[in-house]
Amino acid sequence: MIEDVIRDAKARMEKSATSFRAELTRMRTGRAHPGLLEHLKVDYYGVETPITQAATVNVEDPRTLTVTAWDKSIVTKIEKAILESNLGLNPRTAGNVLHIPMPPLNEERRRALIKVVRGEAEQARVAIRNVRRDANHMLKELVKEKEISEDDERRAEQEIQKLTDGHIKNIDSMLAEKEAEMMEV
């Protein structure tokens, strides 16, 4: 019973950390990386399709992405999706290949992006703490139903707290790494 509660809490905390990591890949830095465009959707024969399923996204050099459409008819739709994405990117079309230069970020924009990243990190921390709260509540219910002892509950709560601390430390290290990457010129 206790193991199930702990296993469930650990899995949910790991999902929160994974979700935060995925969110970080979408945040723009001065460098080009394919994850920047992963969340974009394109109208591909009447179906909203992720850009990665309609084209190949590659890094040409540290400041340029290339998007190679598999079908020439979709190039303009991909270009439109990139322009409308509010990423501040302006693709150049050459046949069925789009070249997307990464404009350098100014200091003000970097600071604004860091605030957004910190907000995302706080949301991830809150999600992890909510998982801890739920797990502790489940343990209290087990004690109330006399399925586990209070000593077992305390030991399990300590283990859940260690899991929480470890995952929050992981979130903080990912945040620090992303902040350093964003402040790089």
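Among the residues of the range 124-140, is there at least one that is touching a Lys or Arg at 6+ places or on another chain (Cβ under 9 Å), over 28 Å from Lys10 (Cα atoms) and touching a residue at least 24 places away in the same chain (Cβ under 8 Å)?
no
Kindly indicate whether any position in the range 99-121 is in contact (Cβ under 8 Å) with a residue 40 or more places away in the chain and within 30 Å of Asp152 (Cα to Cα). Spell out how you get there, then give the answer.
Going through the range 99-121, the residues in contact (Cβ under 8 Å) with a residue 40 or more places away in the chain turn out to be 100, 102, 104-105, 110, 113-114, 116-118, 120-121.
Right, trim to within 30 Å of Asp152 (Cα to Cα) and you get none.
No: the range 99-121 contains no residue that is in contact (Cβ under 8 Å) with a residue 40 or more places away in the chain and within 30 Å of Asp152 (Cα to Cα).
Given the structure, is Glu60 without any contact (Cβ under 8 Å) to a residue 24 or more places away in the chain and farther than 27 Å from Glu108 by Cβ?
Numbers: without any contact (Cβ under 8 Å) to a residue 24 or more places away in the chain: no; farther than 27 Å from Glu108 by Cβ: yes.
In short, no.
With (1) in contact with a helix residue (DSSP H, G or I) (Cβ under 9 Å, 6 or more places away or on another chain); (2) farther than 25 Å from Glu177 by Cα as the list, and Arg125 as the residue in question, which single condition is left unmet?
Condition not satisfied by Arg125: (2).
Which residue out of Ser73, Ser85 is out of contact with any His (no Cβ under 7 Å at 6 or more places or on another chain), of a type in the set (S, T, N, Q), more than 30 Å from Thr164 (Cα to Cα) and surrounded by 14 or more Cβ atoms within 10 Å (Cβ to Cβ)? Spell out the reasoning first.
Working: Ser73 fails: surrounded by 14 or more Cβ atoms within 10 Å (Cβ to Cβ).
Only one candidate qualifies: Ser85.
Quick grid of which residues meet (1) aliphatic (A, V, I, L, M); (2) touching a helix residue (DSSP H, G or I) at 6+ places or on another chain (Cβ under 7 Å); (3) closer than 25 Å to Glu23 by Cβ:
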site	(1), (2), (3)
Tyr45	no, no, no
Lys72	no, no, no
Ala81	yes, yes, yes
Ala94	yes, no, no
Leu98	yes, yes, yes
Asn106	no, no, yes
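Restricting the search to the range 65-99, which residues are touching an Asp or Glu at 6+ places or on another chain (Cβ under 9 Å) and assigned to a loop (DSSP other than H, G, I, E, B)?
Across the range 65-99, the qualifying residues are Pro91, Asn96.
Out of Arg31, Arg26, which single residue is modelled with pLDDT under 85, basic (Lys, Arg) and out of contact with any helix residue (DSSP H, G or I) (no Cβ under 7 Å at 6 or more places or on another chain)? Can you show your working first?
Numbers: Arg26 fails: out of contact with any helix residue (DSSP H, G or I) (no Cβ under 7 Å at 6 or more places or on another chain).
Result of the check over Arg31, Arg26: Arg31.
The values are calculated or read from the model by the stated rules, or taken from the named source; none is laboratory data. This is a predicted model, so every value here is computed, not measured. So basically every Cβ, Gly included, is an ideal-geometry build from the backbone, and we count neighbours across all protein chains shown.
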